[in-house]
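Here, each number is a calculation from the coordinates, and none is a lab measurement. Remember, predicted model here, so these are calculated numbers, not experimental data. Don't worry about glycine lacking a Cβ; one is built from the backbone with ideal geometry, like all the others, and counts go over all protein chains shown.
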Amino acid sequence: MADADEEGTETETNAVPDDEVSAASNADKDMVRWRGNLVPKKEAKALRHVFDELKDHLGHNKPDPKMWVNVASLTHPGNGPVWRGDLDFTYEIEGEHCNLGFVGMDVCVDLIPRRILKDGELMLKDYGKTWVYVYLPQETFDKFKQYIKIGTGWSVSPGGTVEDLNSNRGLVAIEARLHHQNGQPSPSFWVSKDKEASIEDMSFSRIGSVQEVNDTFGQQRVHRGIGLFSVSLEVEGTPNFQPTPGIGKEANLCFTLVSVRSWGITDCVAPIVHSQSKSF
C-alpha cells in the first residue's frame, strides 16, 4: 500500500491532471504511480477518490458515503490483554469496488500548544509530535460507528473519546496518533489556496508535516477541514482465545492522522483545557 501523501507536488487540486496517475510500464499494466508510489490500479483509483478528490468522506449534513468497513482479522502481539486489527474501507467508485486503508472525515485539528504543569512536571510534552486532539461532530462519530457495526459486527466502546471540560456542544474529541519515528511517512498538512471556493473546486498547497505546522507560531490554532485517517480496532481478550463480536465485549477505536486538508482557522471551537483519556 502507498504511503499516503508521503510524496507529491506542492499544489493539489481536486481536478487531478491525467498524468498524476500514469502507467508504470507496459510490462506491468496492473501497477500505476500515485505521487511517486507504485500501487495497484484499483488502489490508485481509491487514493485519488479519497485524497485528491475528497469524495466519500463522513461529515455534517453530507450524504452517506458509498463505503463499507471490514476488518480482515484480529491479531495478538503475544503478550498483553489486547487483540488488534486494521480497518479496511471499500469504496464504490464508478461502479467498481476499491479497497483502501484510509477514511476521511470533517474535523477540527487542534494545534494549540499544551503547557500543562502537574506537581511541577511538564505534562503533554509530546503533544503535536506523537498525537493531537481532533474534534468531530457527535453525529459524524455515531455514523462512523454504525458503519463499523454493520461491516465488522463490533460495537464501539465510548472509550475512544476524550472528556472535554469545555463541553463543545455536539462535538466529540479523540486523541489521534501521528507517525513520528524514522522510516514512517510524516502526516502531511495542506491548506486551501482559495477559502471561498466550493469543495469541488478547492485547491490545496502542502506546507509541511503536521509536526512542522504545529511548530509554526502563526499556525498554532484550531484548523477546520478534512482529516484522513487509518483506523484500527482494539479488543480485550486472552492470547489463546480470539474475541468474537456480539458476545459482550466492545472494541476501542485507535485513529492515526495521516493527512489534513485545512480550509482555515476557526475560533468557534474551544480547545480542550484538561482531559482524561479512556483509551490511551
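Points worth noting:
- Among the GluC sites (Glu not before Pro) within the range 191-252, those in coil by DSSP and having at most 10 neighbouring Cβ atoms inside 10 Å are Glu196, Glu200.
- Approximate spin-label separation Ile112-Asn61, in nm, with each point projected 7 Å along Cα-to-Cβ: 2.5
- Peptides 56-63, 76-83 ordered by average Cβ neighbours within 10 Å, highest first: 56-63, 76-83
- Backbone phi angles across the range 234-239, fed through the Karplus curve with coefficients 6.51, -1.76 and 1.60 (θ = phi - 60°), yield HN-Hα couplings of 10, 10, 6, x, 6, x Hz in residue order; Gly and Pro are listed as x.
- Residues whose amide H falls under 5 Å from that of Glu236, counting only those 5 or more places apart or on a different chain, are Trp83, with hydrogens built in the peptide plane.
- Ranked by the mean number of other Cβ atoms within 10 Å of their residues, highest first, the peptides 134-143, 178-187 fall in the order 134-143, 178-187.
- Net lengthening on full extension, Gln181/Asp201 (0.36 nm per residue, minus Cα-Cα): 3.7 nm
- Intensity falloff of the range 212-261 expressed as log10 I(q)/I(0), Debye formula with alpha-carbon point scatterers, at q = 0.25, 0.26, 0.31, 0.33 Å⁻¹: -1.00, -1.04, -1.17, -1.20
- Cβ-Cβ FRET estimate between Gln146 and Ile265, R0 fixed at 25 Å, reported to 0.05: 0.20
- Interchain or long-range residues, amide H under 5 Å from Leu87's placed H: Val231, Ser232, Leu233
- Residues whose placed amide H lies under 5 Å from that of Ile93, excluding near-sequence neighbours: Cys98
- R0 of 22 Å, Cβ-Cβ distance Trp68-Ser155: FRET efficiency to nearest 0.05: 0.80
- Look at the Cα gyration tensor of the range 173-280: its axes a ≥ b ≥ c give a/c of at least 1.5 with a/b over b/c, and that counts as prolate.
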